[in-house]
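Peer 1: Before anything else, here's the structure in question.
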Amino acid sequence: MYLPGVGPNRKKMLSQELGIETYGDLLEYYPYKYVDRSKIYKVHELTGDMPFVQVVGHILSFETFDMGPRRERVVAHFTDGTGIMDLVWFNGGKYAKQNYKIGQEYLVFGRPGVFNNRIQVQHPEMESGESLSSVLNSQLRMRPYYNTTEKMKKMNFTSRSVERLVKTLLDKLKEPLPETITPDILNRLHLMGRDEAMRAIHYPQDARQLERARVRMKFEELFYVQLNILRYASDQRRKYRGYIFNRIGDTFNTFYHQNLPFELTNAQKRVVREIRKDTCSGRQMNRLLQGDVGSGKTLVALMSMLIAIDNGFQACIMAPTEILAEQHLATILDFLKGMNVRVELLTGIVKGKKRQEVLDGLLSGEVQILVGTHAVIEDTVQFARLGMVVVDEQHRFGVAQRAKLWNKSEQPPHVLVMTATPIPRTLAMTLYGDLDVSVIDELPPGRKPVQTSHVFDNRLTSLYDGIRKQIHQGRQVYIVFPLIEESEKSDLKNLEQGFEVLCQAFPEFRLSKVHGKMKPKEKEEEMQRFVKGETQILVATTVIEVGVNVPNASVMVILDAQRFGLSQLHQLRGRVGRGADQSFCILVTSFKLSEDTRKRIDIMCETNDGFRIAEADLKLRGPGDLEGTQQSGMAFDLKIADIARDGQLVQMARDEAQKIIDEDPTCQSAQYQLLWNRLKEIKKTNINWAAIS
Ligand code: ADP
Ligand code: MG
């Protein structure tokens, strides 16, 4: 990169601090805000609560005030003839005194405030001479502001410096910037051309033009993300054929007609149909099943696995934790009681002879359903004929992880990914853009929605009374302590002490305690005591977050609820409300709450709808922080688009990208060379993007 004003030092700064290496990077370093510079105010119009303003006038005199050793405050009295205001420097006053001249015309720019009844602007930006007249005569109305780091500011490398660099670059370009979107799309969607948009985004004439420029650049960004993932999905489909499960046989039928203890919900029926259609199609299934906690996803998974078995294949289901894997095993064995299906468990605690037995059974094909943890499946487990893989409660199962599975057999198995943490549509489209999505949007009949309330931690006595009442009615209670880092000793101490306190508060009941530091066997025993109803209260950390199923438990108390994220709170709440009784979730917090916490608590009390909670979560935290986005191998360092706010644009980009892929699945049509070349270019320069290819 060679630009006037960029010596080796600045070049290094740009690269190290902002990641700017090329002209293109610089152009895509968009302003984070714009300030209206069209209006020049008069001093007598100014008030202390205005945003940025500018005034033209001259300095009458300087005054210096001592502020302790080697510190001074410099004040310039400034007028435009309508009144007097003060310009104030706490730092760099010396520079101001030396460089700004009394009597000369200046344009002062800054945020006004009031001190001693007089308007003042601290650390104003000052322009005089040529740059003053350029501002006064310019057609440009909005001034761009660029983020810079502390390190840059120390070297006087400011937003203004970046602005000048961008301007120099744009002025230097002899040719218009090449277009990256086909004319057809530009016309149909009335998008601004790339050259115009790029210039306008740095130097907008007005708010309207800026908005159009931003829409154009956002669309471009989202469009290429979608094009990338859809092209990947289409490649994948062409490369791999899917096993065909065209039989519904004895295993499925026996289960359905003899063992299934209840009627499927309509949503469950629909999803099973969708899965059947996929597995008959000759294409490999990649399906994401979203369904709120308690919506009955396990059953759908089991039925899909039985179809695989009827067609002579093996199936496996993977859970995120050992407890959950064991619970799945128990559930499945119970569902398949009396049927001749061999189900085995493989987790870290299955060792020695037993482990070898299971591994042998998988290789010979005798083991028909394997239940395990994610970790186990990723290592060296070999199957004879793996046809169906279910990944439970996994929001992190992105493209890269799924790709690993495909090495397990010559043809990849069908994959069903299940999650109870609903993912907002726009995010799913991006994160799991190559997956088909099914939704179970209906709970089994007879469930009453959980009632959620918020309690401050000085009201524990009445909370305990409520718990007592529920237990006397035969119910069970979860009490959750936050353990953010399970390794943190202090947190654990917190739980131990809390447990003691609760034992004293409820001498008449039996309590269980479960946390991540316990030995698996111990943990399992404690859990079982609660499951069997031997204990009434389960004191736990978030190890119970996913999947645990005790229908008789009707109260979920979450202590220090401010320390949990929305999706975690929602997951925890999902542990209750599984039986026919009215259930309660009580969020306990300290008195002082941040605004974000307040919002989280309010949303939890307001709704049980996982999708609404997910949307709110996305808005509160931004996509970069959401679970799954980091590991997904997808581009999430979006420079201008915002998945949470630009939902409509995501959909538009998706639709357009889909049309292109449909028309040109092998990416060879001359008509779209422009797009394919650009995609290659982006992937070459963006490491993040390269991950999915
Ligand atoms: P999740 O979707 O959270 O994994 P589960 O599969 O654990 O939910 O199901 C929750 C509970 O609902 C289980 O006890 C399960 O047996 C029960 N269940 C599932 N489907 C139905 C149905 N159609 N009717 C009644 N109960 C059902
Ligand atoms: Mg589940």
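The values are calculated or read from the model by the stated rules, or taken from the named source; none is laboratory data. Model, not experiment: these values are computed from the prediction. Quick reminder, even Gly has a Cβ in these numbers, built from the backbone with ideal geometry, and neighbours come from all protein chains shown. When the accessible area is computed, the model is the full protein with side chains, heavy atoms only, and any ligands, DNA or RNA have been set aside. Shrake-Rupley method; radii C 1.70, N 1.55, O 1.52, S 1.80 Å.
Peer 1: Which ones in the range 353-380 are more than 16 Å from ligand 1 (Cβ to nearest atom), open to solvent by less than 10 Å² (accessible area, probe 1.4 Å) and either more than 37 Å from the chain's Cα centre (by Cα) or at pLDDT 85 or above (or both)?
Peer 2: Once the filter is applied, which keeps residues that are more than 16 Å from ligand 1 (Cβ to nearest atom), open to solvent by less than 10 Å² (accessible area, probe 1.4 Å) and either more than 37 Å from the chain's Cα centre (by Cα) or at pLDDT 85 or above (or both), the range 353-380 yields Val358, Gly361, Leu362, Val367, Leu370, Gly372.
Peer 1: Count, please, the residues in the range 550-568 that happen to be modelled with pLDDT of 90 or more and either acidic (Asp, Glu) or under 25 Å from the mean Cα position of the chain (by Cα) (or both).
Peer 2: Summing the residues that are modelled with pLDDT of 90 or more and either acidic (Asp, Glu) or under 25 Å from the mean Cα position of the chain (by Cα) (or both) in the range 550-568 gives 5.
Peer 1: Lys337 passes all but one of (1) within 39 Å of the chain's Cα centre (by Cα); (2) within 16 Å of ligand 1 (Cβ to nearest atom); which number fails?
Peer 2: With respect to (1) within 39 Å of the chain's Cα centre (by Cα); (2) within 16 Å of ligand 1 (Cβ to nearest atom), Lys337 is out only on (1).
Peer 1: Filter the range 265-298 down to the residues that are assigned to a helix (DSSP H, G or I), within 11 Å of ligand 1 (Cβ to nearest atom), crowded, with 19+ Cβ neighbours inside 10 Å and not aliphatic (A, V, I, L, M) and list them by number.
Peer 2: Gln268, Lys297, Thr298, listed by residue number.
Peer 1: If you go through the range 506-515 one residue at a time, do you hit one that is part of a loop (DSSP other than H, G, I, E, B), open to solvent by 70 Å² or more (accessible area, probe 1.4 Å) and at pLDDT below 85?
Peer 2: no
Peer 1: Here is a further query. Can you tell me which residue is most open to solvent (accessible area, probe 1.4 Å) among those in the range 52-82 that are among the hydroxyl-bearing types (Ser, Thr, Tyr) and assigned to a strand (DSSP E or B)?
Peer 2: Thr64
Peer 1: May I pose another question? Could you tell me whether Tyr106 is closer than 22 Å to Asn156 by Cα and free of Cβ contacts under 8 Å to residues at least 12 places away in the same chain?
Peer 2: No: the conditions fail for Tyr106.
Peer 1: Next question, about the same structure. When you check Val350 against the structure, is it within 16 Å of Phe255 (Cβ to Cβ), away from ligand 2 (no atom under 16 Å from the Cβ), of a type in the set (A, V, I, L, M) and open to solvent by less than 70 Å² (accessible area, probe 1.4 Å), yes or no?
Peer 2: Answer is no for this residue.
Peer 1: Residues of the range 304-340 being open to solvent by less than 40 Å² (accessible area, probe 1.4 Å), more than 14 Å from ligand 2 (Cβ to nearest atom) and among the hydrophobic types (A, V, I, L, M, F, W, C), which ones?
Peer 2: Matches in the range 304-340: Met305, Leu306, Ile307, Ala308, Ile309, Phe313, Ala315, Cys316, Leu336, Met339.
Peer 1: Given the structure, is Thr251 more than 16 Å from ligand 1 (Cβ to nearest atom), open to solvent by less than 20 Å² (accessible area, probe 1.4 Å) and either farther than 21 Å from Gly433 by Cα or not in a loop (DSSP other than H, G, I, E, B) (or both)?
Peer 2: no
Peer 1: So, one more: Failed condition for Gly547, given (1) part of a loop (DSSP other than H, G, I, E, B); (2) modelled with pLDDT of 85 or more; (3) in contact with a helix residue (DSSP H, G or I) (Cβ under 8 Å, 6 or more places away or on another chain); (4) among the small types (Gly, Ala, Ser), with all others met?
Peer 2: Only one criterion is unmet by Gly547, namely (2).
Peer 1: With the checklist (1) modelled with pLDDT of 90 or more; (2) within 37 Å of the chain's Cα centre (by Cα) in hand, flag the one item Val55 doesn't pass.
Peer 2: Condition (2) is where Val55 drops out.
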